[in-house]
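Peer 1: Sharing a structure, written as C-alpha cells. Questions coming.
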Amino acid sequence: MIHILAALAVLGLLIAIHEAGHFLAAIGQGIRVSSFSIGLGPALVGWRHRGIQFALRAIPIGGYVAFPDGESDEEGSAQDPDLFQNRPLPQRALVIAAGVLANLVFAWMVLLAQGAVYGVPDGITAAAGIVVTGVSPDSPAAVAGLRPGDHVVAVNGQLLGQGDEAVKTLVTAVQTHPDSPLILQLEGGGSPQERQVIPRLDKGTSRIGTQLQPYGASRYRPVAGVGEWLATASRGFWAITANTLAGYGQLLTHFQATAQQLGGPVRIVEVGAQLAQQGGASLLLFTALISINLAVLNALPLPALDGGQMVLLLWEGLRGQPLPERWTLTVNRLGFALLLGLVGVLMVRDTSQLTILKSWLTS
C-alpha cells in the first residue's frame, strides 16, 4: 500500500509542478490569477490568499490555473491591463509554455538528485528472468499483449534463469520456433500470467519484436566528479525525452498497434508502485520519466492542452486580432470533454487489467 501511495504522491507532485509553472509565469509578469487547483471536481480542501482561491480537488487527474475575465470580476473591468487576455502575445505564450518547461526542468533536477544521492548506474544485479524494455508496433509481441516493463520468467514451462543466460534462453526459443506458439510466463502484481506469442520470420530470422534485458536491480557507484554527475543526468534526460518523442511518433504512424500500449492514470500508478518496491533510485527515475511524458503530452497541438492553446495564439498572431471568444470557448470545451473521455476509457481498461484486481475477483 505504501508503494501505491508513493506513486500517487509522485503523480500529484508532477501535476502541481506543471500548474505551478503556469502560476509563477503569470504572477511574475503581474498577470492576475483567480484560482489555482490540483485535481478536478469538488474541492476537498480550499483556502483564499491575496484574492486567489487555492484548492485540492476530489478527482486526482490534472489541474488548472484560472484567470479572471473582467466581466464577472467585481474588482475590475474587461479593459484591465493585468488581465491575461489583455497582455501581449509573447507574455501569454510564456504563461502557456511555462507548464511544459517546469516539467522538463524538474525532470532534469530529479535526475541530478538521483546522481547525488545514489550515484551513477554501474550495471545490474541479476535476478530471475528478463524484462521487456520495448515492443515494436504490429509485432507478434504487440499482438500478444506484451508491454514494456513486463517481467518474463519462463517460456513453455522452462525457467529462464538469470542474467544474460535468461535473455539467451528466450532468444533461442524464439529463433527455433518460427510460426509456432510460445507460452511466456509473466510475474508481477501478485500473481503469474501467461501470454501466447507466435514468432514471425523476418529476413530469415524468427522474431517477436521486443527489446529485452536481464531482470534485476540496477547497481550504482558514487560519481567521479561534477562533470560526470552533470553529464550522466543530461544523457539520461535526453535519452528519456528522445524515447518519449519516438513513442508519440509511433502512436501517430502505427496508431492501431501502439494504442494498445497506452496507459491511463491507473496504469501509471501501478508501474510507479512496482518501481517504488525496487528502491528510491527507481522511483526517482519513474518521476523523471512521467514528468517528461507530461511535458510532451501537454505540448501536443490538441484542444484543451497547452500545445492547443499555443496554436490558438499563433492563429491570433497571424490574423492580427483576437479570435472570437465564443469560438475559442467552444473548441476548448470540446477538447476538454474528449480528453476526459479518453482518460475515463483508459482508467476503466487499466483497472480491468490490473493483476491485483484480477486475483481478487477470482479468489
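The values are calculated or read from the model by the stated rules, or taken from the named source; none is laboratory data. Small disclaimer: the values here were computed from a predicted structure and weren't measured. Neighbour counts run over all protein chains shown; Cβ positions are idealised from the backbone, glycine included.
Peer 1: Hey, can you tell me all the residues within the range 149-167 that are among the acidic types (D, E) and not in a loop (DSSP other than H, G, I, E, B)?
Peer 2: Answer for the range 149-167, where residues must be among the acidic types (D, E) and not in a loop (DSSP other than H, G, I, E, B): D164, E165.
Peer 1: Considering only residues that are touching a helix residue (DSSP H, G or I) at 6+ places or on another chain (Cβ under 8 Å) and among the β-branched types (V, I, T), which ones fall in the range 144-166?
Peer 2: Across the range 144-166, the qualifying residues are V152, V155.
Peer 1: I need the full set of residues from the range 120-138 which are over 21 Å from the mean Cα position of the chain (by Cα) and either modelled with pLDDT of 85 or more or not in a loop (DSSP other than H, G, I, E, B) (or both), in order please.
Peer 2: Answer for the range 120-138, where residues must be over 21 Å from the mean Cα position of the chain (by Cα) and either modelled with pLDDT of 85 or more or not in a loop (DSSP other than H, G, I, E, B) (or both): V120, P121, D122, G123, I124, T125, A126, A127, A128, G129, I130.
Peer 1: Considering (1) assigned by TED's automatic domain parsing to the domain that holds P324; (2) in contact with a strand residue (DSSP E or B) (Cβ under 9 Å, 6 or more places away or on another chain); (3) farther than 20 Å from L300 by Cβ; (4) at pLDDT 85 or above, say which one I15 fails and leave the rest.
Peer 2: Failed condition: (3).
Peer 1: Taking L146 as meeting all but one of (1) in a loop (DSSP other than H, G, I, E, B); (2) surrounded by fewer than 18 Cβ atoms within 10 Å (Cβ to Cβ); (3) not acidic (D, E), write down the number of the exception.
Peer 2: Against the list (1) in a loop (DSSP other than H, G, I, E, B); (2) surrounded by fewer than 18 Cβ atoms within 10 Å (Cβ to Cβ); (3) not acidic (D, E), L146 comes up short only on (2).
Peer 1: If a residue has to be surrounded by 13 or more Cβ atoms within 10 Å (Cβ to Cβ) and free of Cβ contacts under 8 Å to residues at least 60 places away in the same chain to count, how many in the range 224-240 make the cut?
Peer 2: 1
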